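This report refers to the structure that appears directly beneath it.
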Amino acid sequence: MKTLKLGVAGLGHVGCGLVDLVQKQEKLRLPGKVEVAGVTARNRSRNRPVSIESYAWYDDASKLAASDDIDVFVELIGGSDGPAKVAVETAIKSGKSVITANKALIAMHGQELAELAREHGVDLLFEAAVAGGVPIVRVLRDSLAGVDIQRVTGILNGTCNFLLSEMLSTRRPYDVVLAEAQRLGYAEADPTLDVSGMDAAHKAAILAAIAFSADLDFSQVSVRGVDEIELLDLDLADRLGLRIKLIAEGKVTPDGVVCRVEPLAMPIGHPLARISGSLNTIRVEGDPLGAVTLTGPGAGPGPTASAVMGDVAKLFNPIARPAFGRAEHHGVRKFVRAEPNERSAFFLRVRLDDRAGALAELTEALAESGVSVDKLLQDSADENGAAPIAIVTHICSRSDINEASDRVRSLETNVGHPQIVAIEEATD
C-alpha cells in the first residue's frame, strides 16, 4: 500500500480538521495510507482539539517545505504573500506537490505558481480554496472539460449570504445581524474581507481563470461588497419580487473575460435567490451542457479539511496536470473590465422629502439620463420626513443609471445616497 507523507503548515481550524481526518482515516475511502510527517504553526504550545505530539515540529514553514521527510506540502497558513508564498515556492522547487486552501495566494500569484509547478513537474492543487466542501474546482477543470463554458455565477461567501438572508427574514438591521454572525462563528472579528466582497472576488477570479482558460489578473476584477446594503433595500426589493444577493460572476465577452463581485437583485424564482444561510452555490452555463448548479457548505473546518483531503487522495496517482487545466494549445483569454455601456434593468432606491412635486422631480431626473421606470413602490415617510421609493427600471446602460444617480443626488428633495443594484435576468 502506498503511503503519502504530509507536511502541514498551519494548525488553525482547517489544519486541525485535516489532522483529525488523518487520525481517523480508516473511516475514509482513500486509495492508500496518509501520514503526517511534520507540522508547523505560529504557536507550538497552543491548545488544540487534536494531538500533534507525535509529529516532528518545524519552526520554519520553508524548512518543512524542503524536508526530505515529506512527499506533499499542505499550506494552510493564509495570506497572499509572506511565509505562505515563500514556503509554497520552496516546496515546488524541492520537487514536492503542493495542496493549499489559500484563495488569496492563488488569486494573486496562482499564474506564476502554476508555471513554477509545471517547470518542476509537480502538482499544485487548491480545491479547498474555493467553496469549501463544494468540489467546483475539480468539476470545472476536469468534469466539464468537454463544455464550452460561457458564464459562471455563484454565492461564494457564506458570511454575506447569511447577513442578507437573516436581515430579510428577521427584519433586523445590518449591524445587529453582523454581531450575531460573529457570535455564531460565521463572521470574523474583523469581517472586512468578507463584507467588502474581497473574499468572494479571490474565489471568483480562480474559477474564471479555470473556466475560460484565462490569464488570472486580479487587478481587473471589479469588487463591491454588502456593507452598504440596508434592511430597507432588502425589504423594498422583496416587495417587488426580488432578492438581493452578493453574486460572483465570470463571463466571456468579445473583449475578454469579465470577472466581478457585486450585489445583484434576482427574481425570487432564480436558483441563486433561493439560497439562504451560509451555504455556497455555483451555477455553470455552457454548451452543450446547458446549466448545472452545485450547492453545499462553503466554509468551516469540516468542509474545507475534507476538500484538502480530496486533493491528497488525488496525489496517490499524480499526473502533474496544469493547475488551471489549460493545455498549451488552448487560446489564452485576458481578464478585462466590464464596459460602462453594459445593459441591464436596475433596482434603484432613493429617499425623498415627503412633499409635493418630489416624485415628479425624481422621474424627470431619470428621464433626462435616458432611464425609464418599469415599476415604482413608495413607502411611508420615516420619522425624519423622508419617504423611501424603490424603482425597477427598464433596461438601460450602467453609465446611464450612474448618471441618473448623480442627478438624483443633486435634487433638493433627495435625502442620503441612492442605492443602485443591477437586476439579474430570470432563468429556469
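Label point of His120 set 7 angstrom out along Cα-Cβ; within region 10-50, amide nitrogens under 18 Å from it belong to 10, 37-40.
As a quick test, which of the pairs Lys27/Lys245; Lys24/Lys251; Lys96/Lys251; Lys24/Lys96; Lys27/Lys93; Lys245/Lys334 have an alpha carbon distance above 31 angstrom in this structure? Numbers along the way, then the final one.
Numbers: Lys27/Lys245 38 Å; Lys24/Lys251 41 Å; Lys96/Lys251 34 Å; Lys24/Lys96 24 Å; Lys27/Lys93 34 Å; Lys245/Lys334 27 Å.
From the list (Lys27/Lys245; Lys24/Lys251; Lys96/Lys251; Lys24/Lys96; Lys27/Lys93; Lys245/Lys334), the Cα-Cα distance tops 31 Å for Lys27/Lys245; Lys24/Lys251; Lys96/Lys251; Lys27/Lys93.
Which log10 I(q)/I(0) values, to two decimals, does region 135-237 give at q = 0.13 Å⁻¹ under the Debye formula with one point per Cα? The computed values of log10 I(q)/I(0) come out as -0.57.
Counting other beta carbons within 10 Å of each residue's own, what order do Ile401, Ile395 fall into, fewest first? Please list the in-between numbers first.
Values: Ile401 24, Ile395 14.
Sorted ascending by nearby Cβ count, the order is Ile395, Ile401.
Subtracting the Cα-Cα distance from 0.36 nm times the residue separation, let me have the gained length for Val332 to Lys2 in nm, one decimal. Display every interim value, and only then the final one.
Numbers: separation 330, 0.36 × 330 = 118.80 nm, distance 3.76 nm.
Full extension of this stretch gives 115.0 nm more.
Need the full-extension length gain, Arg355 to Asn402, defined as separation in residues times 0.36 nm minus the C-alpha distance. One decimal, nm. Walk me through the intermediate numbers first.
Numbers: separation 47, 0.36 × 47 = 16.92 nm, distance 2.50 nm.
So the extension gain works out to 14.4 nm.
Straight-line reach from Lys203: taking Cα to Cα under 12 Å and skipping same-chain neighbours fewer than 8 places apart, the aspartates and glutamates in range are Glu127, Asp194, Glu249. Once the Cβ-Cβ distance of Gln378 and Ser143 is raised to the sixth power relative to R0 = 51 Å, the FRET efficiency obtained is 0.55.
Go through 91-102, 165-176, 267-278 and give me the packing order, highest mean Cβ count within 10 Å leading.
Values: 91-102: 23.5, 165-176: 15.4, 267-278: 17.1.
Ranking, from highest mean packing down: 91-102, 267-278, 165-176.
Please work out the C-alpha center-to-center distance from region 198-277 to region 47-67 and express it in whole Å. First find each Cα centre; the distance between them is then 38 Å.
Counted by neighbouring Cβ atoms within 10 Å, the residues Ser380, Ser306 run from fewest to most as Ser380, Ser306. Averaging 1/r across all pairs of distinct Cα atoms in region 1-84 and inverting the result yields a Kirkwood radius of 13.1 Å. Placing a label point 7 Å from the Cα of Asp238 along the Cα-to-Cβ direction, the residues of region 165-200 with a backbone N closer than 12 Å are 165-173.
Can you give the helix-only mean residue ellipticity at 222 nm for the chain, where every DSSP H stretch with n ≥ 4 adds -39500 (n - 2.57) and the sum goes over all residues, rounded to the nearest 500 deg cm²/dmol?
Working: 12 runs with 134 residues, N = 428.
Per the formula, -9500 deg cm²/dmol.
Determine by what factor the alpha-carbon radius of gyration of region 343-423 differs from 2.2 N^0.38 Å, reporting the quotient.
Normalised Cα radius of gyration, region 343-423: 0.99.
Over the chain, Cα pairs under 8 Å with separation of 6+ residues give a relative contact order of 16 percent.
Would you mind classifying the chain by shape? Square roots of the alpha carbon gyration tensor eigenvalues, ordered a ≥ b ≥ c; an a/c under 1.5 is rounded, otherwise it is prolate if a/b is larger than b/c and oblate if not.
Details: a/c = 2.59, a/b = 1.89, b/c = 1.37.
Prolate, because a/c is 1.5 or more and a/b exceeds b/c.
Of Leu246, Leu236, the sequence from fewest to most neighbouring Cβ atoms within 10 angstrom is Leu236, Leu246. Roughly how far apart, in whole Å, are the Cα centres of region 287-303 and region 389-404? Cα centroid to Cα centroid, the span is 32 Å.
Quick note: the coordinates plus some simple rules give every number you see, no bench work behind them. Quick caveat: nothing in here was measured; it's all calculated off a predicted structure. Cβ sites come from the backbone with ideal geometry, for glycine too, and all protein chains shown count toward neighbours.
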